[in-house]
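Presented below is the structure to which this report refers.
The numbers here are math on the coordinates, done by the rules we state, and not lab data. Bear in mind the structure is a predicted one, so any value in this text is a computation, not a measurement. Glycine gets a Cβ as well: all are built from the backbone with ideal geometry, and neighbour counts include every protein chain shown.
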Amino acid sequence: MKPKFLSFLLFVCGAILCASGAHADPVEPVLGYQGRVSVGDLVFEGNGHFKFALVDEAADETYWSNDGTS
C-alpha cells in the first residue's frame, strides 16, 4: 500500500470509531439488589423499618448509609 493511502485509511477508521461512540461511558453509581426478608422459615409480610449501610468486611468503616447515622 502507498503511504498516503494507508494514512487516509487509518484516518477514516479512526473517524468511524469516534463517530460510533467507541469510548468508555462513566459508570453510574447504582448498586442493584433484590431479596426477601424472612422470619424463621416464613417470608415477612407487612411494613418494616430498615436501615441499610455499606461497610467494610470488619464493619469498622462505613462507606454509605441510607440515613447517615451509621
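A few remarks follow.
- Gain on full extension, evaluated as 0.36 nm per residue between THR69 and VAL27 minus their Cα-Cα distance, stands at 12.4 nm.
- Peptide packing for 33-46, 56-69 was compared via the average number of neighbouring C-beta atoms within 10 Å per residue; ordered from the highest value, the list is 56-69, 33-46.
- Once both labels are positioned 7 Å from their Cα atoms along Cα-to-Cβ, the gap between ASN47 and GLU61 label points is 3.8 nm.
- 14 Å beta-carbon shell around ALA53, net charge (K/R +1, D/E -1): -4
- 15 Å beta-carbon shell around SER65, net charge (K/R +1, D/E -1): -3
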